[in-house]
Amino acid sequence: MIPANTIGAGGTTVVYGTGPETPEPGPPVLDLYLDLRCPYCARTENRLGGTLQQLADDGEVVLHHHFGTFLDDQLGGQGSHHALAAAGAAADVGQAQFLGYLRTLFRNQPHESHDGFAEDRTLLGLANDVPGLRRHTFDDAVLEGAYRVWARRVSRVFDESGVAATPTVLFRGEPVAVLDDRGQAVEPTRFLAQIHHTAD
């Protein structure tokens, strides 16, 4: 199955911020490369997620989400893969539900050495925090692993992208710093300054 609100061959990029009414060519693309077990991705989302959403809601950018699952290979387990499949199920419900679920996953991320996201019941429980997500279609998709084949495809495309680390953020194809020298997420004002400078 391929979720709604995705683009690319096999729907491997999850989109937030455009609809069928959006005129071409549309807003510039902000590419986000993430692993759902990555603590640095969680720091970035927890500090900058609201800013990213506002940029997209204001029509300044469209968010393209690319996901890897390499931490499953490095640390053992299936948490990245199962969480990504659940995120695919959320994308099939709607853009708002996908982004809300993504934020909830990062806000409740287990320590990277603990494979907590491998438990589908945990993934369903976290969905309670997202309005409109706990529909039977979502629950069944998570419990039945309906999007796990899709998640493997998404991960394979990530591995072939040349991106070596997460989080990686590109705006108009140019790198944008989201972490400082200490590995902490940058302030929203610093992030926005980079976006608006690149846009100019």
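Using only Cα atoms, locate the centre of the range 76-100 and the centre of the range 169-183, then give the distance between them in Å, rounded to an integer. If we compute the Cα centre of each part, the gap is 23 Å.
Computed from Cα atoms, the angle from the helix 95-107 axis to the main principal axis of the chain rounds to 80 degrees.
Per the Cα gyration tensor, the chain maps to an equivalent ellipsoid with semi-axes of 25, 20, 16 Å, ordered largest to smallest. For the range 121-200, the Cα gyration tensor yields ellipsoid semi-axes of 33, 19, 13 Å (square root of five times each eigenvalue, largest first, whole Å). Were the residues from residue 196 through residue 180 laid out at 0.36 nm apart, the gain over their Cα-Cα distance would be 3.9 nm. With respect to the chain, whose longest principal axis is taken over its alpha-carbon atoms, helix 188-199 is tilted by about 60°. When the Gaussian network model of the chain links Cα atoms closer than 10 Å, the mean-square fluctuations of 51, 166, 189 top out at 189.
Computed on the range 1-98, the Cα convex hull volume stands at 101 Å³ per residue. By the Cα gyration tensor, the range 63-115 has an equivalent ellipsoid whose semi-axes, rounded to whole angstrom, run 21, 12, 9 from largest to smallest. Between helix 148-159 and the chain there is an angle of about 40 degrees, using the helix long axis and the longest principal axis of the Cα atoms.
Just so you know, all these numbers are worked out from the coordinates, no wet-lab data involved. Every value quoted in this text rests on a predicted model; they were computed, and no experiment measured them.
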